[in-house]
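The values are calculated or read from the model by the stated rules, or taken from the named source; none is laboratory data. Predicted, not measured: the structure shown is a model, and the values here were computed from it. Note that we place each Cβ from the backbone using ideal geometry, even for glycine, and neighbour counts take in every protein chain shown.
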Amino acid sequence: MSPSRLQSVLEAGKFAVTAEAGPPRGPDAEVVRRKARLLKGSVDACNVTDNQTSVVRMASLAACRILAEEGVEPVMQMVCRDRNRIAAQSDILGAAALGIPNLLCLTGDHQCFGDHPQAKNVFDLDSIQLVKIARDMRDASRFAGGKALEGKLELFIGSSANPFADPAKIQVPRLAKKVAAGSEFIQTQCVFNIEKFKEWMRGVRERGLDTATHILAGITPARSAAMLEYMATRVAGMDVPEAVIARVKGVPKAGQAEEGIRIAVETIQQLREIPGVRGVHIMAIEWEEAVPEIVKGAGLR
């Protein structure tokens, strides 16, 4: 398997664009194919979420394969909530066998947030340990238990980061642990507070992490002021300045979605000026139609 498109773009020093697609709560592959058609030509790769917010959805592995069939390079998200190290390694092998070239390692939301709060979590590993296992499988052809892996594994391995989480002082050191474990790219929480993100990036550059990994800043276009208020008050680890909410509130409801797109475009333009930012990760939650408009408006395609 040749290097992934995402890896090739980043290693060539180009500004990368990734997006995100949530699988359906049913078996209809056409839902995934429709999202792929909306995103094709606008992104270098697309994440497929893994039972996000602990809500049961089509398997990320299957949806990734469907994206690939439609000509969109997938990034398979994998959470530790639902797998022990045996299942995780098995799924990594399965992804490689199906030609899925990118893996994003996540710890995962606790099941109490989802539709099966009575489910038993696993958390045999955290995301940092999962990164290390994936790197050993690829680079040393070795399983976590020490046995040799049969054949060669090709995989571009990434993690997430939240520059806005508390306590702020541990966020750069936590990123450093992920990079030391082997994270080759990082996708961040969505950025609304540019100044706070710049402060985090200063810490990243001071430790040389901007050259040790590829950082893609998160972007979420808001459809309404109500969506922004929800994220600001109900979603942990989010930082949405009151000025951003007020700006969208100042627009009639019929125009708030377009204002959200304008803010996303402006944010990308500002992010491109920050040293060490190597791309953007657009999380248009069930609004994939907005991605081509954002990408074009920001001059990325």
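Counting only residues that are small (Gly, Ala, Ser) and surrounded by 13 or more Cβ atoms within 10 Å (Cβ to Cβ), which one in segment 283-301 is farthest from the chain's Cα centre (by Cα)? My answer is GLY297. For ILE245, the criteria (1) closer than 22 Å to LYS14 by Cα; (2) crowded, with 18+ Cβ neighbours inside 10 Å; (3) out of contact with any Ser or Thr (no Cβ under 9 Å at 6 or more places or on another chain); (4) not hydroxyl-bearing (Ser, Thr, Tyr) hold in every case but one, which is (1).
Tell me which residues, restricted to segment 152-197, are in contact with a strand residue (DSSP E or B) (Cβ under 8 Å, 6 or more places away or on another chain) and of a type in the set (Asp, Glu). Answer for segment 152-197, where residues must be in contact with a strand residue (DSSP E or B) (Cβ under 8 Å, 6 or more places away or on another chain) and of a type in the set (Asp, Glu): just GLU184. A single entry from SER160, SER224 fulfils the requirement of being modelled with pLDDT of 95 or more and more than 20 Å from the chain's Cα centre (by Cα): SER224. For segment 103-140, the candidate set comprises residues that are at pLDDT below 95, of a type in the set (A, V, I, L, M, F, W, C) and assigned to a helix (DSSP H, G or I); within that set, the residue that is nearest to GLN52 (Cα to Cα) is PHE113. Taking the criterion of being exposed (fewer than 13 other Cβ atoms within 10 Å of the Cβ) and assigned to a loop (DSSP other than H, G, I, E, B), the residues of segment 248-267 that qualify are GLY250, PRO252.
For segment 60-81, taking the residues that are more than 24 Å from ARG142 (Cβ to Cβ) and in contact with an Asp or Glu (Cβ under 8 Å, 6 or more places away or on another chain), the one that is modelled with the lowest pLDDT is identified as ARG81.
Taken over segment 44-59, the criterion of being surrounded by 17 or more Cβ atoms within 10 Å (Cβ to Cβ) and in a loop (DSSP other than H, G, I, E, B) is satisfied by ASP44, THR49, ASP50, ASN51, ARG57, MET58. Answer with yes or no whether VAL280 is more than 21 Å from THR18 (Cβ to Cβ) and buried (at least 21 other Cβ atoms within 10 Å of the Cβ). Judged against the criteria, VAL280 is not a match. Look through segment 268-285, keep the residues that are assigned to a helix (DSSP H, G or I) and without any contact (Cβ under 8 Å) to a residue 60 or more places away in the chain, and return whichever of them is nearest to ASN193 (Cα to Cα). If we take residues in segment 268-285 being assigned to a helix (DSSP H, G or I) and without any contact (Cβ under 8 Å) to a residue 60 or more places away in the chain, then ILE268 is nearest to ASN193 (Cα to Cα).
Provide a single number: the residues in segment 78-102 that are surrounded by fewer than 17 Cβ atoms within 10 Å (Cβ to Cβ) and either within 16 Å of ASN51 (Cβ to Cβ) or free of Cβ contacts under 8 Å to residues at least 60 places away in the same chain (or both).
Going through segment 78-102, the residues surrounded by fewer than 17 Cβ atoms within 10 Å (Cβ to Cβ) turn out to be 84, 86-87, 90, 93-94, 97-99.
Within this subset, residues satisfying the condition of being either within 16 Å of ASN51 (Cβ to Cβ) or free of Cβ contacts under 8 Å to residues at least 60 places away in the same chain (or both) are 84, 86-87, 90, 94, 97-98.
The total comes to 7.
Checking each residue in segment 5-43 for being crowded, with 23+ Cβ neighbours inside 10 Å, in a loop (DSSP other than H, G, I, E, B) and of a type outside the set (A, V, I, L, M, F, W, C) picks out GLY22, PRO23. Residue count for segment 3-12 satisfying the condition of being over 16 Å from GLY158 (Cβ atoms) and in contact (Cβ under 8 Å) with a residue 12 or more places away in the chain: 0. Exactly one of these conditions fails for LEU216: (1) surrounded by fewer than 17 Cβ atoms within 10 Å (Cβ to Cβ); (2) at pLDDT 95 or above. Give me its number. LEU216 satisfies every listed condition except (1). Only residues that are out of contact with any Lys or Arg (no Cβ under 6 Å at 6 or more places or on another chain) and either among the basic types (Lys, Arg) or within 23 Å of ALA134 (Cα to Cα) (or both) were counted in segment 23-44, giving 5.
Considering only segment 206-247, how many residues are in a helix (DSSP H, G or I) and β-branched (Val, Ile, Thr)?
As a first pass, look at segment 206-247 and keep what is in a helix (DSSP H, G or I): 206, 209-212, 225-234, 242-247.
Among the residues that remain, those that are also β-branched (Val, Ile, Thr) are: 211, 233, 244-245.
The number of residues fulfilling the criteria is 4.
When the residues of segment 163-191 are narrowed to those that are assigned to a loop (DSSP other than H, G, I, E, B), within 15 Å of the chain's Cα centre (by Cα) and not β-branched (Val, Ile, Thr), which ends up surrounded by the fewest Cβ atoms within 10 Å (Cβ to Cβ)?
Of the residues in segment 163-191, the ones assigned to a loop (DSSP other than H, G, I, E, B) are 163-167, 182-184, 191.
Restricting the remaining residues to those that are within 15 Å of the chain's Cα centre (by Cα) gives 163, 183-184, 191.
Then keep just the ones that are not β-branched (Val, Ile, Thr); that gives 163, 183-184.
Values: PRO163: 25, SER183: 27, GLU184: 21.
Checking each candidate, the answer is GLU184.
Looking at GLY297, GLY203, just one residue is of a type in the set (Gly, Ala, Ser) and farther than 30 Å from PRO24 by Cα, and that residue is GLY203.
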